[in-house]
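Structure, as structure tokens:
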Amino acid sequence: MISTVISYCSLDQRFIHAVIEEAKKFSHDITLVCFDHLLNGSPDNVSDVLDIPGVKTIVLPFDRSRPSRYLHSLLRWEGAQHAQSEWILFLDADEILDGDGFKSWLDTNQSWDFDFSTFDCYWYFRDPKYQATTKEHAGLLMRRGQLDSTVHFAEGERWAYIWRPNVRVRNNITDHQGQPLMHHYSWVRTQQEMLAKVGGWGHKHDKDWATLINEEFSREFNGTDFVHGYTYVNVENYYNINIKL
């Protein structure tokens, strides 16, 4: 069985119920972990996730003295302490896993000769109808016995587990037709939501995000993004995931 740990803040409110409903299809238990403040230091309103049936919600006090990457890892670590199963799945609240497809994979997969695995992933930008032609990986499924605080709080966050040499990793789980099981909506946001996103996250110094975002919304979508430079296809009405701006 799978214990699912979801990292949440209200900036991902539009995605969280879809994430949870899909996770319920295969999870033994679900823990949602959040802070009482956003990473930019402003108070967060998480009242909408406090009483979701079948979900244990944990609200942690925000420590502004800690860097964003540490705080990301702290949410996952705290959630893992409440996991009841041998396997833990770490999801961000904008990562929607195809619950039926993953349950089918779980029911038919006979080989668990790995300790960590990621999921092949569709990536979206600006609007949920715009899907990148380049696929990524998202989510981390790991054996509970592999939890290690030294690794867990490393700079690479959850990916630090699989970047080490000589670990048993199965990368990019797909469905039985070889198609991605994960949908990542990290940059499916309005202009103001994008600006709020980059205000406190761990990559805030990587680029001049505010300038890039403002330029993006000064025009219609031009078929590429300023994050990775991917190209896109329009998949409107193709996937039965109700995400709207």
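Matching residues to (1) part of a loop (DSSP other than H, G, I, E, B); (2) surrounded by 15 or more Cβ atoms within 10 Å (Cβ to Cβ); (3) without any contact (Cβ under 8 Å) to a residue 40 or more places away in the chain; (4) out of contact with any His (no Cβ under 7 Å at 6 or more places or on another chain):
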site: G145; (1), (2), (3), (4): no, no, no, yes
site: W159; (1), (2), (3), (4): no, no, yes, yes
site: P165; (1), (2), (3), (4): yes, no, yes, yes
site: N172; (1), (2), (3), (4): no, yes, no, no
site: S186; (1), (2), (3), (4): no, yes, no, yes
site: E193; (1), (2), (3), (4): no, yes, no, yes
site: W201; (1), (2), (3), (4): yes, yes, no, yes
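Just need a number here: residues in the range 45-68 that are surrounded by 19 or more Cβ atoms within 10 Å (Cβ to Cβ) and closer than 30 Å to W112 by Cβ. Total meeting the criteria: 1. Scan the range 221-232 and tell me whether some residue there is exposed (fewer than 13 other Cβ atoms within 10 Å of the Cβ), out of contact with any Lys or Arg (no Cβ under 6 Å at 6 or more places or on another chain), aromatic (F, W, Y) and part of a loop (DSSP other than H, G, I, E, B). No, every residue in the range 221-232 fails to be exposed (fewer than 13 other Cβ atoms within 10 Å of the Cβ), out of contact with any Lys or Arg (no Cβ under 6 Å at 6 or more places or on another chain), aromatic (F, W, Y) and part of a loop (DSSP other than H, G, I, E, B). For the range 99-136, enumerate the residues that are of a type in the set (K, R) and either free of Cβ contacts under 8 Å to residues at least 40 places away in the same chain or out of contact with any Pro (no Cβ under 8 Å at 6 or more places or on another chain) (or both). The answer is K103, R126, K129. Residues of the range 69-82 that are touching an Asp or Glu at 6+ places or on another chain (Cβ under 7 Å) and either outside any helix (DSSP H, G or I) or surrounded by fewer than 20 Cβ atoms within 10 Å (Cβ to Cβ) (or both): R69, H72. Once the range 23-42 is narrowed to residues that are at pLDDT 95 or above, out of contact with any Pro (no Cβ under 8 Å at 6 or more places or on another chain) and of a type outside the set (A, V, I, L, M, F, W, C), the residue that is surrounded by the fewest Cβ atoms within 10 Å (Cβ to Cβ) is H28.
The values are calculated or read from the model by the stated rules, or taken from the named source; none is laboratory data. These numbers come from a predicted model, not from an experiment. Here the Cβ is made from the backbone with ideal geometry for all residues, glycine too, and neighbour counts use every protein chain on show.
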